[in-house]
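What follows is a set of notes on a single structure, which appears directly below.
The values are calculated or read from the model by the stated rules, or taken from the named source; none is laboratory data. Because the structure is a prediction, the values reported are computed rather than measured. FYI the Cβ positions are ideal-geometry reconstructions off the backbone, even for glycines, and counts take in every protein chain you see.
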Amino acid sequence: MAWEDELFAFLDDLEQQAGALYDADRAPELADRERSEYQTVPLAARLMATVGQDVMLHVSGVGALHGRLERVAQGWCLLAAPGQDWIVRLAAVAAVDGAADRAVPEVAWSPVARLGLGSALRRLADAGERCVVLRLDGGRHDGVVRRVGADFVEVLEGDPPRACLVAFTAIAAVQSREA
C-alpha cells in the first residue's frame, strides 16, 4: 500500500472518529430538544392522530368509555359506541388507552375541528334527541337539549318538563342514544 493510501486511510479513520464523537456529544442535546418540544404537544393533537381507531377514554365522573374515536375538536371529542354516541369534554379525560404514537399539530386541523363544545351540543338541540348529560361530580341530567348558551346548555328534563342549566365546565360527557 502506498504512503498516500495509508495517509488517506488514516485521515478517513480520524474523520469517522470525529463524526462519532460529534454524534455522541449531540445525542444528549437532541434528546433534551425532543423532550422540550414534546412538552408542547396537547392531548387533542394526539387524539387527532387517533381518529378512526378504537380507544378507551377514562372520563372523570363517568368511568371508562370504549368506542371508535370519530372526531376531535376544540375542547371535545366524539366517541361512537354500539347504540350510542358520546360527546366527551377533553378536560374531563383522565386517561386514554389505544392512542396513536404520533400527533397532528393544530395548524393542520380542518376548520370544522376548531368548533367548540357548543357546536356539538347545538347539533343535539337541533335534532331534538334525548340524551344524558353527565357531570364531572357524577350527577346526570336525562332529557332533551333545548338551547345552548355561551357557556352552558339548557336541558329539559322530567314530566312536566323543566329547564335545567348545566355549565360547560361541569360537563364530563353527553351520551346520545340511537333510536
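Here are the numbers for this structure:
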{"read-out": "Residue ID - farthest from the chain's Cα centre (by Cα), chosen from residues in segment 1-24 that are loosely packed, with under 10 Cβ neighbours inside 10 Å and at pLDDT 70 or above", "value": "Ala2"}
{"read-out": "Residue check for Pro160: surrounded by fewer than 16 Cβ atoms within 10 Å (Cβ to Cβ), over 30 Å from Ala45 (Cα atoms), modelled with pLDDT under 95 and out of contact with any strand residue (DSSP E or B) (no Cβ under 9 Å at 6 or more places or on another chain)", "value": "yes"}
{"read-out": "Segment 50-77: number of residues that are more than 15 Å from Val112 (Cα to Cα) and either in contact (Cβ under 8 Å) with a residue 60 or more places away in the chain or buried (at least 19 other Cβ atoms within 10 Å of the Cβ) (or both)", "value": "9"}
{"read-out": "Residue tally, condition modelled with pLDDT of 95 or more, in a strand (DSSP E or B) and of a type in the set (S, T, N, Q), over segment 163-179", "value": "1"}
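Residues checked against (1) touching a helix residue (DSSP H, G or I) at 6+ places or on another chain (Cβ under 9 Å); (2) of a type in the set (Phe, Trp, Tyr); (3) surrounded by fewer than 19 Cβ atoms within 10 Å (Cβ to Cβ); (4) in contact (Cβ under 8 Å) with a residue 40 or more places away in the chain:
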| residue | (1), (2), (3), (4) |
| --- | --- |
| Leu117 | yes, no, no, yes |
| Val132 | no, no, yes, yes |
| Arg140 | no, no, yes, no |
| Cys164 | no, no, yes, no |
